[in-house]
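The structure under discussion appears below in the form of structure tokens.
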Amino acid sequence: MTSEVSGWRTSKLKRLEAAAISIVGYRLVAALTATFRWRTDGLEHLEAIARAGRAPIFAFWHGRILPATSFFRHRAIVVITSENFDGEWIAGIIERFGYGTARGSTSRGARRALLQLTREMAAGRPAAFTVDGPRGPARIAQAGAVWLAKVTGNPVLPFHIESDRHWSLKSWDRTQIPKPYAHVALAMGEPLDVPRDTDADGIESARGLLEARLRALEGRARVLLDTE
């Protein structure tokens, strides 16, 4: 743990600040997302995984965190959040939506977080990845979800979300925040299985396939928005 991470944790004021932000943030997000009008396609893939007694590894783009957090709330899904100050208050918000957290990131603590996800999935809990996060590049899938599928035997389940009215932040991922009472479409694709004996080339192939499926799901979600 770096001095930057440990420093804010030893500050009572910073811990109180993170707690306050998470409380207010949760209330704002809950109020906004309660107004969304959802349209969905492909949820039968999630239902099939549940019937088979398996746990999904949800995979989606970082820029759709807010609506995804609302739609999949209270399912005990475990996600990776960073160990810094921002990660602390973000964890506080999503935990109020019924998520579990594994602390780490692709730049710090990644191995520890992935091992925690492995243990959580062994206990039957689903996991979720923003596969181009936390820093991008945008819409380029990283291999974490594929690796987790290999070691746990659970499938990667890709989905994409679009809305007809939204704000787009000027961030690297162009975060999309649907406006109040927006129609929000969720398109879910076929699960992706990764055999336990998959080698490095196979991991890369699966990563590329996941990326392609996510890009295709963007189009499906937009079609849903055009459907009356």
#### Entry: Dimensionless Rg ratio for region 39-91, taking C-alpha atoms and the 2.2 N^0.38 Å reference
1.34
### Query
Within region 157-222, which chymotrypsin sites (Phe, Trp or Tyr not before Pro) sit in a loop by DSSP and count at most 13 neighbouring Cβ atoms inside 10 Å?
Tyr181
### Task
Could you work out the local net charge near Trp147, counting Lys and Arg as +1, Asp and Glu as -1, over the other residues with Cβ closer than 13 Å to its Cβ?
+2
## Note on the structure
Total charge of the residues flanking Pro178 in space, meaning their Cβ is under 13 Å from its Cβ, with Lys and Arg +1 and Asp and Glu -1, is +3
### Query
How far is it, in nm, from the label point at Ala19 to the one at Asp197 when both lie 7 Å from their Cα along the line to the Cβ?
5.3
### Query
On average, how much area does the Cα convex hull of region 7-95 cover when viewed from any direction, in nm²?
7.0
## Note on the structure
Taking a crude spin-label model, label points 7 Å out from Cα along the C-beta direction, the Glu218 to Asp86 distance in nm is 2.2
### Summary
Checked region 3-225 against the a/c 1.5 cut and the a/b vs b/c comparison, axes a ≥ b ≥ c from its Cα gyration tensor; verdict oblate
### Query
What distance in nm separates the simple spin-label points at Glu190 and Ser11, each placed 7 Å from Cα in the Cβ direction?
5.1
### Message
If I take R0 = 30 Å and measure r between the Cβ atoms of Ala110 and Leu209 in this structure, what FRET efficiency does the formula 1/(1 + (r/R0)^6) give, to the nearest 0.05?
### Response
0.85
### Task
Beta carbons within 10 angstrom, averaged per residue: use that to sort the peptides 44-54, 210-220, highest first.
210-220, 44-54
## Note on the structure
Phi angles of region 193-204, converted by Karplus (6.51 cos²θ - 1.76 cosθ + 1.60, θ = phi - 60°) into ³J(HN,Hα) in whole Hz with x for Gly and Pro, give 8, 10, x, 5, 8, 5, 8, 4, 5, x, 4, 5
### Summary
Everything considered on the Cα gyration tensor (a ≥ b ≥ c; rounded for a/c under 1.5, else prolate if a/b is larger than b/c, else oblate), region 56-167 must be described as rounded
### Query
What is region 179-228 by shape, rounded, prolate or oblate, if you read a ≥ b ≥ c off the alpha carbon gyration tensor as root eigenvalues and call it rounded for a/c under 1.5, prolate for a/b larger than b/c, and oblate otherwise?
prolate
### Task
Just add up the charged neighbours of Val156: K/R +1, D/E -1, any other residue whose Cβ is under 13 Å from the Cβ of Val156.
+1
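Values in this text are rule-based calculations from the coordinates and carry no lab data. In this text, all values refer to a predicted model and were calculated from it rather than measured experimentally. Cβ coordinates were reconstructed from backbone atoms using ideal geometry, including for glycine residues, and neighbour counts include every protein chain displayed.
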